[in-house]
Amino acid sequence: KFLVIPPALDPAFLAQRDKVLAAAQKRDKKVLLTVCRLDAAEQYKGMDTVIRGLPKIREAVPGTTYVIVGDGSDRARLEKLAVDTGMADYVTFEGDQPTENLPGYYANCDVFLMPSEAEGWASVYMEAMAYEKPAIGCNLVTWDPLFGCYLGREPYCHHRSCFCAPLSFVFPLPLPLP
């Protein structure tokens with residue numbers, strides 16, 4: 001007896017890969033990317049953590065921007081947070097995009113990150129890796145040898161920006177970040 005398991009990523013999505021990567025824009029600035037729903041019931045996805053950490057990241061890597069693709073009921077809160085942290089000029093909310101536009105976003109970013117506390121099966125991590133991008137996520141609590149402690153959310157975490165340790169392997173970030 002055989003069981004057919006369809007590919008995890010749409011072959012049409014992957015078919016554009018080489019062409020889109022070859023056409024990716026060359027730039028001096030670094031681009032962080034998250035692709036997901038911005039639903040108020042899904043604040044665990046961690047875009048707020050990235051926005052709060054962006055000032056320190058920009059301090060270490062000037063010119064870094066953060067692009068969020070997706071829309072939903074939590075967008076206004078995240079836009080306000082970008083304003084409140086002084087990062088509104090460096091956080092771009094692209095809204096919902098059709099699937100055929102996503103390869104361009106992946107090709108033109110440097111790092112995909114979604115420091116989510118709970119994801120079931122997030123294909124966006126696989127999509128980013130298919131476009132040769134580092135994909136950073138977080139689980140609730142992990143041991144990090146660079147910080148010498150557990151990283152994640154309170155009460156276990158001394159460093160709320162749990163994505164910064166893996167990000168330091170991509171960008172030269174001064175560690176530890178608060």
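Annotations for the structure displayed:
- Taken together, the residues in the range 48-70 that are of a type in the set (A, V, I, L, M) and open to solvent by less than 10 Å² (accessible area, probe 1.4 Å) amount to 6.
- Among the residues of the range 80-95, those that are assigned to a loop (DSSP other than H, G, I, E, B) and either crowded, with 16+ Cβ neighbours inside 10 Å or within 16 Å of the chain's Cα centre (by Cα) (or both) comprise THR85, MET87, TYR90.
- Filter pass, LEU102 being touching a residue at least 24 places away in the same chain (Cβ under 8 Å) and hydrophobic (A, V, I, L, M, F, W, C): yes
- Listed by position, the helices (runs of 4 or more DSSP H) enclosed by the range 3-61 that each have at least 1 residues that are within 17 Å of GLY137 (Cβ to Cβ) are 47-60.
- Filter result for ARG77 (out of contact with any Leu (no Cβ under 8 Å at 6 or more places or on another chain), at pLDDT 85 or above and open to solvent by 40 Å² or more (accessible area, probe 1.4 Å)): yes
- Qualifying residue in the range 115-130 (condition: in a loop (DSSP other than H, G, I, E, B), in contact with a strand residue (DSSP E or B) (Cβ under 9 Å, 6 or more places away or on another chain), surrounded by fewer than 20 Cβ atoms within 10 Å (Cβ to Cβ) and aliphatic (A, V, I, L, M)): yes
- Residue in the range 70-80 that is in contact (Cβ under 8 Å) with a residue 40 or more places away in the chain and under 22 Å from ASN108 (Cα atoms) present: no
The values are calculated or read from the model by the stated rules, or taken from the named source; none is laboratory data. Bear in mind the structure is a predicted one, so any value in this text is a computation, not a measurement. Glycine gets a Cβ as well: all are built from the backbone with ideal geometry, and neighbour counts include every protein chain shown. Quick note on the areas: whole protein, heavy atoms, side chains included, nothing else; ligands and nucleic acids left out. Shrake-Rupley method; radii C 1.70, N 1.55, O 1.52, S 1.80 Å.
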